[in-house]
1. Scan region 205-225 and give yes if some residue there is more than 16 Å from ligand 1 (Cβ to nearest atom) and in contact (Cβ under 8 Å) with a residue 60 or more places away in the chain, otherwise no.
2. Looking at Q37, is it more than 7 Å from ligand 1 (Cβ to nearest atom), at pLDDT 90 or above and farther than 21 Å from S162 by Cα?
3. Can you tell me which residue in region 122-169 is farthest from N200 (Cα to Cα), limited to those that are in a loop (DSSP other than H, G, I, E, B) and in contact with an Asp or Glu (Cβ under 9 Å, 6 or more places away or on another chain)?
4. Can you tell me which residue is modelled with the lowest pLDDT among those in region 71-85 that are small (G, A, S) and within 8 Å of ligand 2 (Cβ to nearest atom)?
5. Residues L14, L51: which one is more than 26 Å from S323 (Cα to Cα) and within 22 Å of the chain's Cα centre (by Cα)?
6. Give me the pairs: first residue in region 64-84 and on the phi > 0 side of the Ramachandran plot, second residue part of a helix (DSSP H, G or I) and near ligand 1 (Cβ under 6 Å from one of its atoms), beta-carbon distance under 9 Å, and six or more apart or on different chains, which are they?
7. Give the residue, chosen from A77, A128, A155, A63, that is of a type in the set (A, V, I, L, M), more than 25 Å from the chain's Cα centre (by Cα) and farther than 24 Å from I414 by Cα.
8. Pull up region 130-151, narrow it to residues that are of a type in the set (S, T, Y) and away from ligand 1 (no atom under 16 Å from the Cβ), then point me to the one that is farthest from I61 (Cα to Cα).
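The values are calculated or read from the model by the stated rules, or taken from the named source; none is laboratory data. Predicted model only: the values in this text are computed from it and were never measured. Cβ: placed from backbone, ideal geometry, glycine included. Neighbour counts: every protein chain shown.
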Amino acid sequence: MQEGHYLSRTKTSLQETLSWYTGNNRHWNTPPNPQLQAEVREDIQSLKTALGKINHNIFHIAAFGLVSRGKSSVINALLGEKILSSGPLNGVTQWPRSIRWTPPSAKVQIEFIDTPGLDEIAGESRTAMAESVASEADLILFIVAGDITRTEYQALSKLLQSKKPLLLVFNKIDLYPEIDQEAIYQQLKALGLHKAPLVNPSEIVCIAAEPTPISVLVEGIDGKVTEEIETPPPQIEALKLKILQILNREGKILLALNALIRARDAQLNIARKTLEIKRDQAETLIWKYARYKALAVALNPIAIVDVLGGIIADLALIRALASLYGLPITSHRSPQLWRKILINLGSLSLGELLSLGLSKMMVGIGYEGVTDYVSSGLLQAGIATYGTYLIGKAAQEYLELGSTWSPSGTSKMIEEIFSAVSSDTLVYRLKATETKHKIN
Ligand SMILES: Nc1nc2c(ncn2[C@@H]2O[C@H](COP(=O)(O)OP(=O)(O)OP(=O)(O)O)[C@@H](O)[C@H]2O)c(=O)[nH]1
Ligand SMILES: [Mg+2]
């Protein structure tokens, strides 16, 4: 897989997306609606951040875990310097903090984000902090030490929902020399009961970031034995290697993917808010076109012409809705919509056949002429109106989801990346979470 190629295409895709919403030739929100602009401010900012991350080529690694598991110590050990405060008291780290690191053999720069213990800060602000840091992260280190508790397990599964690749780091291995990847994997399996294990054994790393000083007996030249306190060096190589391996193998793809997922989520928010704010205008449009179509169908005595009139009204409705929302998709790019139109046409023709049958029946029992014509016309008009209403709804749904599915759109790029990755990568593990944004 050509990582650089995806990164540069992601950049283009994000630039195009951003300029759709903010560029000089603005396509969306014209004429400007201040309420809408205010509501999407955060989402537009999120798009800008996603693009900024790609431009700067910075890979974010966030350390999460409960208090005192050694989050700060792990980052210090990776940096090879004690930059962050660490200590035996719970809650040494109170706020997230970032530190830049340029690893010797990696192709990208790294920014570590240290966080307070997940059990340290209170409910709502904890969720907000965790979500905001996790959304920034390209890789999460979830740090445990000793037996994994139920709270830890829950925090871990919550973090995995943020669709970020994650390494489970077992710290303080000096205190638990008997533990290994397999034992931790079995613990997770037992905690998850019947559910699939949260991580693979290959995503578990055992380290000792700041081993406890130990007393050693030293024999002097005079033969006297004295007790000395010695601090063993950190055992961090396994984690360093794993991170560098991930960075070199799939760092750029992870960067691209995370930026795209972030941008796609922002775009879906913008689409949803646009639809919400313009709902009344859209309803008016739909009913206006439903009336046109009903008239065209009901008043037209020639079957094929009324069907054509119906198609034209539906197409005009889709165009009108697309331009009302101004989202980055136009009607000619949407095969799904065409399918809906065909189904709708099918029901219209069925309606015609039925009403024809009905009129024949009426002739049979003595009703003739005008009544017969009017009743079949009304039936057809009713079906046509309902059809337009359905098409209008389908178009709204499609325009909302479809805003990310243009040829270089964020969803299209995500799909492309997922279809190209090999099954032994961290990216591949995220693939399973990526089905619900598809358009049916
Ligand atoms: N034995 C042992 N102790 C460690 C190891 N790593 C960290 N510690 C100790 O664990 C304690 C907590 O370390 P911190 O790095 O402050 O942990 P933290 O998760 O950042 O803690 P908070 O910021 O309070 O949430 C400190 O006393 C460290 O010296 C290790 O590998 N072995
Ligand atoms: Mg800390």
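1. no
2. Here the answer is yes, as Q37 does meet what is asked.
3. Going residue by residue through region 122-169, those that are in a loop (DSSP other than H, G, I, E, B) are 122, 137-138, 145-149, 161-165.
Filter again for in contact with an Asp or Glu (Cβ under 9 Å, 6 or more places away or on another chain), leaving 162-165.
On the way: S162: 17, K163: 15, K164: 14, P165: 11 Å.
By that ranking, first place goes to S162.
4. Per the criteria, the residue is S85.
5. L51
6. Sorted first by the residue in region 64-84, then by its partner, the pairs are G65/K71.
7. Numbers: A128 fails: more than 25 Å from the chain's Cα centre (by Cα); A155 fails: more than 25 Å from the chain's Cα centre (by Cα); A63 fails: more than 25 Å from the chain's Cα centre (by Cα).
The match here is A77.
8. S132
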